[in-house]
Amino acid sequence: MEQEHKRRVRYKGTHPRSYQEKYKELQPEKYQADVEKIIRSGKTPAGMHISIMVDEILDVLQIRPGQVGLDATLGYGGHTRRMLEKLEGQGHMYATDVDPIESEKTRQRLAELGFGPEILTIRRMNFAELDQVAPGEKFDFILADLGVSSMQIDNPERGFTFKQDGPLDLRLDPTAGITAAQRLRELDRDELEAMLVENSDEPYADRIAKAIHEVFRRGGSIDTTRQLAAVVEKALEFLPAKERKEAVKKSCQRTFQALRIDVNSEFEVLYAFLEKLPGVLKSGGRVAVLTFHSGEDRLVKQAFRQHLREGLYRDVSADAVRPSAEECFRNPRAKSTKLRWAIKE
């Protein structure tokens, strides 16, 4: 039987809304002019991750040909590519990522640019295991970008965004662990409230936890991103109308952030990474870490200062480095970014 030919989904009007309709943005190699126009307007094209604070990171790491480095969070590979260029074909880069979907796409993308296995080794593993990436090897430079990649956020099938409906998943590795929907069912009201406070400083944690718990108490379910967003919106109905829209948006962002951190054990993973860092750096080796919310930044700042007092680091950043106003305009997702660095004794 002849298979029916299906036409590609086309833009509806000039402003496509669904992820699937944005076929031009999802094919940057084919529609480069369209993608560049979107970037110039201060937006991030669907399915693409714009690397943040690249020049500042390269200034901190001071990469030279022949060195050995690690990108602990491969993602779209933008940072990795620029670090590889600094090696000028000499030395080696390692990279880790737990996402089996995006890491394979990135491997192919970098290979097509000439960065194959002779200069780049990609391992599918959690960056908390950085001491197992290349046993016995010490690194000259390490980068960890703790942000969730735009490819993950934009794709509704991954459940990271409440702007479009999709399964409430939020796992960085969709083949392991439990989904956010399952996790919500496991937590009681007090645990939910504590999670929202600890992971995202949510000011309405008590009301949101109560609303979520009430759904389950009545025999309901929260299985999709939009269902969770609707519960948050209902919890904030008490706010004045003129304040409510913005408050709901921010509380949804914080609720999803808190759940994502919990589902992926992000604080525990980061703590393990920071503890192992000094042990895998060469003397004089440099590390740069990009954080995106206060909880992460606190952990990094405290760990760097502690290891400085212990004599493991020669120097650490006194203050966080922030992206320029120009970069924040080009890429709004850079606004909350903080860069901290350390140099091994």
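The values are calculated or read from the model by the stated rules, or taken from the named source; none is laboratory data. Since this is a predicted model, take the numbers as computed values, not measurements. Don't worry about glycine lacking a Cβ; one is built from the backbone with ideal geometry, like all the others, and counts go over all protein chains shown. Just the protein is used for accessible areas: all its heavy atoms, side chains included, with ligands, DNA and RNA removed. Shrake-Rupley method; radii C 1.70, N 1.55, O 1.52, S 1.80 Å.
A few points about this structure:
- Sole residue being open to solvent by less than 20 Å² (accessible area, probe 1.4 Å) and over 21 Å from Thr179 (Cβ atoms), chosen from Leu259, Leu236: Leu236
- Counting only strands (runs of 3 or more DSSP E) wholly contained in the range 237-345, the ones carrying 2 or more residues that are in contact with a Gly (Cβ under 7 Å, 6 or more places away or on another chain) and within 27 Å of Leu61 (Cβ to Cβ) occupy 338-344.
- In the range 60-77, the qualifying residues are those that are open to solvent by less than 20 Å² (accessible area, probe 1.4 Å) and at pLDDT below 95, and the one that is nearest to Pro278 (Cα to Cα) is Leu74.
- Picking from residues in the range 272-311 that are farther than 26 Å from Leu259 by Cβ and of a type in the set (Val, Ile, Thr), the one that is nearest to the chain's Cα centre (by Cα) is Val287.
- Any chance Gly284 is free of Cβ contacts under 8 Å to residues at least 60 places away in the same chain and surrounded by fewer than 18 Cβ atoms within 10 Å (Cβ to Cβ): no
- Flag for Asp59 being of a type in the set (Asp, Glu) and touching a residue at least 60 places away in the same chain (Cβ under 8 Å): no
- Within the range 262-280, being surrounded by 17 or more Cβ atoms within 10 Å (Cβ to Cβ) and either charged (D, E, K, R) or over 30 Å from Gly136 (Cα atoms) (or both) holds for Asp262, Val263, Glu266.
- When Cys328 is tested against (1) within 16 Å of the chain's Cα centre (by Cα); (2) modelled with pLDDT under 95, exactly one condition is not met: (1).
- Output for the range 170-206, where each listed residue is among the acidic types (Asp, Glu) and either out of contact with any helix residue (DSSP H, G or I) (no Cβ under 8 Å at 6 or more places or on another chain) or open to solvent by less than 20 Å² (accessible area, probe 1.4 Å) (or both): Glu186, Glu191, Glu202
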